[in-house]
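As C-alpha cells, the structure follows; a few thoughts come after it.
The values are calculated or read from the model by the stated rules, or taken from the named source; none is laboratory data. Just so it is clear, the structure is predicted and the values come from calculations on it, not from any experiment. As a convention, Cβ positions derive from the backbone with ideal geometry for all residues, glycine included, and neighbour counts pool all protein chains shown. Note: areas computed on protein heavy atoms with side chains; ligands, DNA, RNA excluded. Shrake-Rupley method; radii C 1.70, N 1.55, O 1.52, S 1.80 Å.
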Amino acid sequence: MSEEINPFESLREQVDDAAAHLDVRPGTLERLKRPERVLETNLSVELDDGSIEMFRAYRSQFNGARGPYKGGIRYHPGVSRDEVKALSGWMAYKCAVVDIPYGGGKGGIVVDPDDYSEAELERLTRAFATELRPIIGENRDIPAPDVNTGRREMNWIKDTYETLENTTEPGVITGKAPESGGSAGRVEATGRSVMLTAREAFDYLEKEIEGATVAVQGYGNAGSIAAKLLEDRGASVVAVSDSSGAAYDPDGLDAQAVKERKDETGDVVDYDAPETLSNEELLTLDVDLLVPAALENAIDADLAADVRADVIVEAANGPLTPDADDVLTERDVSVFPDILANAGGVTVSYFEWVQNRQRFYWSEQRVNDELETVIVDAFDRLTTTFEDRDLPNFRTAAYVVAIDRVLRASEQGGVWP
Ligand code: NAD
C-alpha cells in the first residue's frame, strides 16, 4: 500500500512532532531538519559495448555534531535527492537513539543494477568512489551497503579510496567481507536488534514472547533472521511474506525451512504451508506481533485501521505512513520504531569501524553481547522518556531522545563563524 509521500517531508514532520516536546529555538529546529550538505554528481561510465552512459548520484551528510557521517549507498532507479536527504536524517537520529558516535549520511546512484554487467557496475562504483573520495574517510563520512549494494561494492569503494589515497584505511567503509576487515555478526545484526526490541517490548508490556504469534512482512535479510531469532525465543511465526505473497500456518511455520525454500525457488509461497495469503491479509492478521520488514510506506491509514496486531516492531525503514502512525496511536497499538528496532545494522557497523581502527577483531559472541547492551540501554532510555514526558507514542519518544542528543552536541559546538 504505497502512497506518494515525499520521505523528506515525512522526516521533517517527525522532527517537528518530537521537537514540540523539547525547548528548541526556531532557527535551531530548522538545522535539525536539513542536511549540512548534499553532493550531487554525474558519473560517466563506459559500457561493455564501448558507449558512454551518464548516471546521477548523491551523497547527503546530515549532521556531524556527534561524529563522522554514517550511512548506506543504494543503487535504485527511484533514488532522488529528497530520498537521500531523508534517509541521511533518519541515520543521524538512529545513531543518536542508540548513542553511537556518528552523524547521518546516505548516498545513492539512480540505476537499476539488473540492467548492467558486473564489469559495468564495478566501473560505476569506482567512478562514484572517486567523486566521494574528498568527502569520505574514517573520520569524515563512512558509507555502508543499502538497497542493491553489498560486500562486493564496499570492497570496490575501499580499494578505490585506498589506492587514490595511498593508504590502508579499512574503516573508511563498513559492511565489508570478513577477509577485508568486516565484522563477525554483521549479517544477523539487524534481525537480532529486531528480536531484542520485541523481547524488551513484550517484557515492558507484561506480555509473554514465548508462544506469542508473529507475522513478518518481507522475508529477506532483516525479516528472515528476525523470524528465526524470535522462534528461538519460543514465539510462533505463523505468517511470512515476500513480493510473491505470504505463507501461513496458524500452528506456526518453521522459519528456517521457509528460508531454505525461498533460497531455492526465490518465493516463500513455494513453501508447503497449509495456506497462502496476500500481503494485505498478512498485515491484518490477528497476531500478537507484526514485523514489517519489506519496504517503506507498507501500511497506510486505511490499512492501519484494519491492523489487528497488538504490537508492531519495525524492521524496515519507514514502513508506516505518518497517517498510519496517527491511526495506530489512536487505536493504542504499541509501535516500536525503526530507528531503534533496526539499529542493529548500524551498531555492528560501528563495531566494525572500531575493530578496523584498533586492528583487533572480536568474536561473534562479543559482537552479539555488545549489541544486546546497546539495544537494551536504548530501549530503557526510550521507555523512560516516554513515561517521564507523557509522550503520545514510542516513535515520538525515540525522536525526543535522539533530537535531544543531537541538539546538545550541536549547541556545545556553538554557531561558527
Ligand atoms: P532484502 O532485500 O534482503 O529483503 C526485502 C524482502 O522484502 C524481500 O524478501 C522481498 O521479496 C520483500 N518484499 C519486497 N516487496 C514486498 C512487498 N510489497 N510485500 C512483501 N514483501 C516484499 O532487504 P533487507 O536488507 O532485509 O531490508 C528490508 C528493510 O529493512 C528495508 O526497509 C531496509 O531499509 C531495512 N533495513 C535493513 C537493514 C539490513 O541490515 N539489512 C538495516 C536497517 C534497515
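Out of segment 280-290, which residues are surrounded by fewer than 21 Cβ atoms within 10 Å (Cβ to Cβ) and within 13 Å of the ligand (Cβ to nearest atom)?
Of everything in segment 280-290, those that are surrounded by fewer than 21 Cβ atoms within 10 Å (Cβ to Cβ) and within 13 Å of the ligand (Cβ to nearest atom) turn out to be E280, E281.
What are the residue pairs meeting all of these: first residue in segment 178-207, first residue within 16 Å of G220 (Cβ to Cβ) and among the hydrophobic types (A, V, I, L, M, F, W, C), second residue open to solvent by 50 Å² or more (accessible area, probe 1.4 Å) and not in a helix (DSSP H, G or I), Cβ atoms under 8 Å, and 6 or more apart or on different chains?
The qualifying pairs are M195/R233.
Go through segment 191-216 and report how many residues are within 16 Å of the ligand (Cβ to nearest atom) and open to solvent by less than 20 Å² (accessible area, probe 1.4 Å).
Matching residues across segment 191-216 total 10.
Six or more apart or on different chains, Cβ atoms under 9 Å: show the pairs whose first residue is in segment 75-88 and basic (K, R) and whose second is in a helix (DSSP H, G or I).
Here the result reads R81/F8; K85/P7; K85/F8; K85/L11, each pair linking segment 75-88 to a residue that is in a helix (DSSP H, G or I).
Do any residues in segment 260-289 that are in the same structural domain as G218 (by TED's automatic domain parsing) have Cβ atoms under 7 Å from those of residues that are assigned to a loop (DSSP other than H, G, I, E, B) and acidic (D, E), where the two are at least six apart or on different chains, and which pairs are they?
What qualifies is A273/D249; P274/D249; D288/D310.
Can you list the strands (runs of 3 or more DSSP E) lying wholly within segment 19-117 that have 1 or more residues being open to solvent by less than 20 Å² (accessible area, probe 1.4 Å), among the basic types (K, R) and modelled with pLDDT of 95 or more?
52-61, 69-76, 103-110
Specify the residue that is nearest to the ligand (Cβ to nearest atom); the eligible residues are those in segment 147-190 that are among the basic types (K, R) and surrounded by fewer than 20 Cβ atoms within 10 Å (Cβ to Cβ).
Only one residue tops the list, namely R151.
Would you list the helices (runs of 4 or more DSSP H) that sit entirely within segment 287-380 and hold 2 or more residues that are farther than 24 Å from P250 by Cα and of a type in the set (D, E, K, R)?
On the way: elements: 301-306, 322-330, 338-341, 344-358.
Passing ranges, in order: 322-330, 344-358.
Which residue out of Q365, Q358 is more than 17 Å from R186 (Cα to Cα), without any contact (Cβ under 8 Å) to a residue 40 or more places away in the chain and open to solvent by 10 Å² or more (accessible area, probe 1.4 Å)?
From the options Q365, Q358, the qualifying one is Q358.
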